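Rule-based calculations on the coordinates, nothing more; no lab input. All figures in this text were calculated on a predicted structure; none of them were measured in a lab. Neighbour counts are summed over all protein chains in view; Cβ atoms, including those assigned to glycine, are modelled from backbone coordinates with ideal geometry.
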Amino acid sequence: MSTKSREVIWGGRVMGAKMRAEGAREEARKAVRAADRAEAEAWSVRMEGFGGPAQPSPTIGQCLNGGLGWLGVECNRCNTRASLPLDAIRRPRDTPLWKLEASLKCRSCRKGRYAPPVHMIKLTERREIKWVHPSEER
Ligand SMILES: [Zn+2]
């Protein structure tokens, strides 16, 4: 068999198999994204509806991959709310969200070195809140 005919006979099959592999990989990526989103949503609904528990929680990476890249938080003291972009948080992507809570502080009522803690409310696709102080709300 010449190299030429071998190419004709097998080349197409190799190409077809490669395309199927690529397609399957893309399907798998979509499935992971859907699962990440579902998990992030479930956590968000639990937080918003029941106020927790925050554990277990999805990771930063899962939330970003699922398209829910903004974390809504509220100050425990002054009730100021804010949306934080998860992609700007300098933590490994496999950090679960609940681990962030302790390091999040309220910007509005910080006094010197003391800043009151915040709690997490929910996840959103876009920025929903911009450091809104309760006294500024209608
Ligand atoms: Zn505050």
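If you look for lysine pairs in region 6-124 that are eight or more places apart or on different chains, how many of them have Cα atoms under 30 Å apart?
On the way: 18/30; 30/99; 30/122; 99/111; 99/122; 105/122; 111/122.
Counting lysine pairs in region 6-124 gives 7.
Can you pull the one-decimal nm distance between simple spin-label points at residue 107 and residue 90, each 7 Å off the Cα toward Cβ?
1.6 nm
Could you please report the charge total around residue 62, scoring K, R as +1 and D, E as -1 over all other residues with beta-carbon less than 12 angstrom from its beta-carbon?
On the way: positive: 33, 37, 93; negative: 36, 39, 41, 94.
Neighbourhood net charge equals -1.
Taking amide H positions as placed 1.01 Å from N in the peptide plane, with prolines and chain starts having none, which residues 5 or more places from residue 84, or on another chain, fall under 5 Å of its amide H?
It is 71, 72, 73, by chain and number.
Using alpha carbons only, how many angstrom separate the centre of region 1-58 from the centre of region 68-101?
Value for the Cα centre distance between the two parts: 27 Å.
Enumerate the amide H contacts of residue 106 below 5 Å, restricted to partners 5 or more residues apart or on another chain; note that Pro and chain-start residues carry no placed amide H.
118
Which angle from 0 to 90°, rounded to the nearest 10, does the C-alpha axis of helix 3-50 make with the longest principal axis of the chain?
Relative to the chain, helix 3-50 is tipped by roughly 20 degrees.
Are there cysteines in the chain with no second cysteine's Cβ under 4.7 Å away, and if so, which?
Cysteines lacking a close Cβ partner in the chain: 63.
Just to confirm the filter: which trypsin sites (Lys or Arg not before Pro) across region 50-129 are DSSP coil and have at most 14 other Cβ within 10 angstrom of their Cβ? Before the final figure, lay out the partial values.
Numbers: sites: 77, 81, 90, 93, 99, 105, 107, 110, 111, 113, 122, 126, 127; in loops: 77, 90, 93, 107, 110, 113, 126, 127.
Filter output for region 50-129: 77, 90, 93, 107, 110, 113, 126, 127.
In a shell of Cβ-Cβ distance under 13 Å around residue 48, excluding residue 48 itself, what net charge do Lys and Arg (+1) and Asp and Glu (-1) give? Intermediate results must be reported in sequence, preceding the final value.
Values: positive: 46, 81, 122; negative: 41, 74, 128.
It works out to a net charge of 0.
What full-extension length gain, to one decimal in nm, is calculated for residue 32 and residue 17 as 0.36 nm per residue of separation minus the Cα-Cα distance?
Working: separation 15, 0.36 × 15 = 5.40 nm, distance 2.25 nm.
Full extension from residue 32 to residue 17 adds 3.2 nm.
Give me log10 I(q)/I(0) at q = 0.12, 0.15, 0.23 Å⁻¹ for region 6-124, Debye formula, one equal scatterer per alpha-carbon, no solvent.
Per q value, in the given order, log10 I(q)/I(0) is -0.53, -0.70, -1.25.
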